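S.K.: After the structure tokens below, expect a handful of questions from me.
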Amino acid sequence: NLVIYEKADRVGGTWRENTYPGVSCDVPTHLYSFSFAQKSDWPRLYAGGADIQAYLEDVSEKSGIIPLCHFQTKITRATYQNDEWVVCFTDASGNNKKEKFDYVISGLGGLHSPAYPNVQGLEEFQGASFHTAKWDHSVDLTGKNVAIIGNAASAVQAVPEIDDKVASLTVFQRTPNWMMDRQNKEYSGKALKLMRWLPIISLLKRLRIFLWAEFVFHPAFRENSLMQKFARMRAKAYLRQEVKDPELLKKLMPDYSVGCKRVLFVDSYLQSLQKDHVKLVDRAVKAITKDGILDAENYNHNFDVIIYATGFNPFNILSSMEVKGAEGVTLADCWQDNIQSHKTVAVSGFPNFFMLLGPNSALGHNSVILMIEAQVNYIVKCLKKMRKNGWTSLDPKSVSQDKFNNFIQKRLKGTVWQGSCSSWYKDGDGQNFTIWPLSATRYMLSMRKPDFSEYNVK
């Protein structure tokens, strides 16, 4: 008996939630797709959000999981007691219910809770305001004075799509980001026909992208490596080539290693910033006022619309649901000082509880779909082993979890992901709880066969 609870009215996750203008993937889509459901006719190298959403809905229909889904159902609590999980939820009709399960798998992901700047006055602004992850399409930006707070992934995609509509556009940047040319070419009709007739072409493109990410891009994330120096040279050259104004170039040039914060692959963002009615402010936001924004130098900026392109709260899955383990301890308590897991999919003290995209399973260089597939295969093997052996409980040993996390942190040393820049990869103490430090190949190999000596079983 398999039940899938989904808070929304359809599948899609981040691609259902994010509908801001210009939303698209920053990983080539031939690789940002399931190995078992290859699509040979993606319209662009980096597909747009609507194309990826349609793909996910199509795969869900064809794989037969839609009948298993309980949509518009919000999980509020999951408690392990008497060797089973009691899951409490609110269904589509608003009724509070609970069901019992042998196993629970969290597919919530780490990036679904929008983050807002920690400043005063968020509720004071009298104009329209919204987060890019909750884009309000009812707001007409035509002729408006618009502010975008943030200069990262969603901002660099949205700005070129709206700059021609607005009267003025001001982008507030706290820290500059390294950028590279995305070269998001649209495939010709002939190319699409050829890829449909010969699917092996798409498979070869997928393999080429994967090999480039693993053996060319990944080595660049080692501090002081030859590839890091080359990446920095290329990124600097790109900025200098595209930005002609010395003052703007100075604002946009980072002073940390490439990859310490996620590298942004952009199309026409830098061209947008150089339009007469577009301005970049490199001062932090101090407060939101009823008329606009007060910056760190106490300068007031008046706006009609404020857009928050301020990212997400990583691993904020516990803000709306409580997960309580075998000893009555909540996952929030376990993660209060140190977010960690065993093999990125399980947590000691929480028997028969698994996660997809758990701590330290995000990638800075390759497609996270590879990680998800490896995790699913690992979990399925665990469940099959439990059924075969008649085990009722599988719980990571604390010593195994500690050993795994010591390994992760040791391997992160010497990488740019442990650099000095401020990044959502790290917690308040500077520990990176987000990124897998090695290659995706290494991860997939490590997840091929569960080592059950690392678990307490009964």
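S.K.: Compute the semi-axes of the equivalent ellipsoid of the chain, taking the square root of 5 times each eigenvalue of the Cα gyration tensor, and list them largest first in whole Å.
M.R.: In descending order the semi-axes read 37, 26, 24 Å.
S.K.: Rounded to a whole number, what is D in µm²/s for the range 128-308 from Stokes-Einstein with the Kirkwood radius over alpha-carbon pairs (37 °C, 0.692 mPa s)?
M.R.: Stokes-Einstein gives a translational diffusion coefficient of 177 µm²/s.
S.K.: Here is a further query. Angle between the Cα long axis of helix 398-412 and the longest principal axis of the chain, 0 to 90 degrees, nearest 10?
M.R.: It works out to around 30 degrees.
S.K.: What base-10 log of the normalised intensity I(q)/I(0) is obtained for the range 383-456 from the Debye formula, alpha carbons as equal point scatterers, at q = 0.18 Å⁻¹?
M.R.: Treating every Cα as an identical point scatterer, log10 I(q)/I(0) equals -0.85.
S.K.: Right, here's the next one. Give me 23, 159 ranked fewest to most by other Cβ atoms within 10 Å of their Cβ, as a rough exposure proxy.
M.R.: Fewest-to-most Cβ neighbours within 10 Å comes out as 23, 159.
S.K.: Still on this structure, please answer the following. Could you tell me the distance between the Cα centroids of the range 186-218 and the range 25-100, to the nearest Å?
M.R.: The range 186-218 and the range 25-100 have Cα centres spaced 26 Å from each other.
S.K.: Once the dipole of the chain is set up with Lys and Arg at +1 and Asp and Glu at -1 on Cβ about the Cα centre, which of 85, 424, 371 lies farthest towards its positive end?
M.R.: So the residue we want is 371.
S.K.: Kirkwood-based Rg over Rh for the range 266-322 (C-alpha set), two decimals?
M.R.: Taking Rh as the inverse mean 1/r over Cα pairs, Rg/Rh reads 1.10.
S.K.: So in the chain, what percent of DSSP beta bridges are antiparallel if you round to the nearest 5?
M.R.: 50
S.K.: Which value in deg cm²/dmol, rounded to the nearest 500, describes the helix-derived mean residue ellipticity at 222 nm for the chain, given -39,500 (n - 2.57) per DSSP H run of n ≥ 4 and division by the residue count?
M.R.: Rounded to the nearest 500, it is -8500 deg cm²/dmol.
S.K.: Once you measure Cβ to Cβ distances between cysteines in the chain, which Cys have no partner under 4.7 Å?
M.R.: 25, 69, 88, 334, 382 - these cysteines have no disulfide-compatible partner (Cβ-Cβ under 4.7 Å) in the chain.
S.K.: Then there is this: Can you tell me the dipole magnitude for the chain around its Cα centre, using point charges on the Cβ only (Lys, Arg +1; Asp, Glu -1), in Debye to the nearest 20?
M.R.: Charge dipole of the chain: 1820 debye, to the nearest 20.
S.K.: Based only on other Cβ atoms within 10 Å, what is the fewest-to-most ordering of 36, 217, 353?
M.R.: 36, 217, 353
S.K.: On a 0 to 90° scale, report how tilted helix 49-63 is relative to the longest principal axis of the chain, with both axes built from alpha carbons and the result rounded to the nearest 10.
M.R.: 20
S.K.: At a 10 Å Cβ-Cβ cut-off, how would you order 85, 197, 135, 212, fewest neighbours first?
M.R.: Fewest to most other Cβ atoms nearby, the residues stand as 197, 212, 135, 85.
S.K.: Another question about this same structure. Of all DSSP beta bridges in the range 128-308, what percent run antiparallel (nearest 5)?
M.R.: In the range 128-308, DSSP labels about 25 percent of beta bridges as antiparallel.
S.K.: For a 25 Å ceiling on Cα separation, which of these pairs sit above it: 144/236; 205/251; 229/250; 244/279?
M.R.: Over 25 Å Cα-Cα: 144/236; 205/251.
Quick note: the coordinates plus some simple rules give every number you see, no bench work behind them. These numbers come from a predicted model, not from an experiment. Cβ sites come from the backbone with ideal geometry, for glycine too, and all protein chains shown count toward neighbours.
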